[in-house]
Amino acid sequence: MPAGKELAFKYYFMFEDGTRATYEICLDRETLFLKPERKIQSSSWTRLEHHKCNNCPLNESDHADCPLALNLSAVVPRFSKMFSYEKVNVLVETETRTYSKNTTLQSGLSSMLGIYMVTAGCPIMDRLRPMVRFHLPFATIEETVFRSVSTYLLGQYFEHKKGRSPDLTLKGLMDGYQQIQMVNHGLAGRMRSIVDKDANLNALVVLDVFAKELPFSIESSLENLEYLFSPPAV
């Protein structure tokens, strides 16, 4: 494990008009929860009861705010007046490498929003938190299937080591993505109440498309990946 108590990702958005936006996302290296630069202020759109997700297990008496919305409040306002189709160069720095892509704002933003969403402490999104340790910006659906299935099965291996019955059918993984779709729907309702343009919403749509496609594409995608584990023909 690298030295230091923080795991950092830096996102640089460079727009065609010369403007820039920079975000340094710091996570606790052990828990993988977000470590905000400053205290996050509650607002009307972050209140738990505001467009609360239908499957949210939290209650207002213990949680005044949606933890996911609180995390996103550091990002969403900055892009609330921008369109999803705006061209941007996105540079992502991790501890070990740098990624760069000329893309649309919704594509670059969705990659970054994913980090904020899984490190907030939302009980539903938390199942994806282990994947952020080896965050892969701009991942394709095939790459996401490979990473999500591998991560899930590694988790089941640790369940087996604890004497519990592992799920090798991936049913828990597919059920989990159906729950995540409901969170994405609730979050979209929150965002609509504070944004003027569609950059944030369409970035969320990109993530939602992945969540919707994964349960249906896991089986077919795994069949397409099976050749990787087949012995070479003699």
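All of the numbers you see were taken from the coordinates with simple rules; none came from a lab. These numbers come from a predicted model, not from an experiment. Heads up, the Cβs are rebuilt from the backbone with ideal geometry, glycines too, and the neighbour counts pull from every protein chain shown.
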With Cα coordinates, the longest principal axis of the chain makes an angle with the long axis of helix 141-161, in degrees rounded to 10, of 70 degrees
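Grab the DSSP H runs of the chain that are 4 residues or longer, score each as -39,500 (n - 2.57), total them, divide by all residues and round the 222 nm result to the nearest 500 deg cm²/dmol.
Working: 5 runs with 90 residues, N = 234.
Value at 222 nm, helices only: -13000 deg cm²/dmol.
Let me make sure I get this right: for region 55-131, a, b and c are the square roots of the gyration tensor eigenvalues over alpha carbons, sorted descending. Under 1.5 in a/c it's rounded, otherwise prolate if a/b > b/c, else oblate. Which is it? All intermediate terms of the calculation are to be shown ahead of the outcome.
Values: a/c = 2.92, a/b = 1.65, b/c = 1.77.
Judged from the Cα gyration tensor, region 55-131 comes out oblate (a/c at least 1.5, b/c at or above a/b).
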Of all C-alpha pairs within the chain, those more than 23 angstrom apart amount in percent to 52 percent
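Give a quick list of trypsin sites (Lys or Arg not before Pro) in region 20-87 that DSSP marks as loop, anything other than H, G, I, E or B, with at most 14 other Cβ atoms within 10 Å. Present the calculation step by step, with values, prior to reporting the outcome.
Working: sites: ARG20, ARG29, ARG38, LYS39, ARG47, LYS52, ARG78, LYS81, LYS87; in loops: ARG29, ARG38, LYS39, LYS52, LYS81.
Within region 20-87, the qualifying trypsin sites (Lys or Arg not before Pro) (loop, at most 14 other Cβ atoms within 10 Å) are ARG38, LYS39, LYS81.
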Here are some pairs, LYS10/LYS161; LYS10/LYS162; LYS35/LYS101; LYS5/LYS87; LYS52/LYS171; LYS39/LYS81; which of them have Cα atoms lying more than 28 Å apart in this structure?
LYS10/LYS161; LYS10/LYS162; LYS5/LYS87
Debye, to nearest 20: dipole size of region 6-229, +1 on Lys, Arg Cβ, -1 on Asp, Glu Cβ
400 debye
Can you list, by residue number, the Cys in the chain that have no neighbouring cysteine C-beta under 4.7 Å?
CYS26, CYS66, CYS122
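Loop only by DSSP, 14 or fewer other Cβ within 10 Å of the Cβ. Give me the GluC sites (Glu not before Pro) in region 78-142 that pass, ordered by residue number. Walk me through the numbers on the way to the answer.
Details: sites: GLU86, GLU93, GLU95, GLU142; in loops: GLU86, GLU95.
The qualifying sites are GLU95.
Filter the trypsin sites (Lys or Arg not before Pro) in region 111-176 to those in DSSP coil with at most 16 other Cβ atoms within 10 Å of their Cβ, and list the result. Mind dumping the intermediate values first?
Values: sites: ARG127, ARG133, ARG147, LYS161, LYS162, ARG164, LYS171; in loops: LYS162, ARG164.
Taking region 111-176 and a limit of 16 other Cβ atoms within 10 Å, the loop trypsin sites (Lys or Arg not before Pro) found are LYS162, ARG164.
For LYS81 and GLU24, compute 0.36 nm times the residue count separating them, minus their Cα-Cα distance, and round to one decimal in nm. Write down the numbers at each step before the final one.
Values: separation 57, 0.36 × 57 = 20.52 nm, distance 2.13 nm.
The span from LYS81 to GLU24 would gain 18.4 nm if fully extended.
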Counting pairs of alpha carbon atoms under 8 Å apart in space and at least six apart in sequence, what relative contact order in percent does the chain give?
23 percent
Between LEU154 and ALA74, what is the label-point separation in nm under the 7 Å Cα-to-beta-carbon projection?
2.3 nm
In nm, spacing of pseudo-spin labels at LYS162 and ILE141 (7 Å Cα→C-beta vector)
3.3 nm
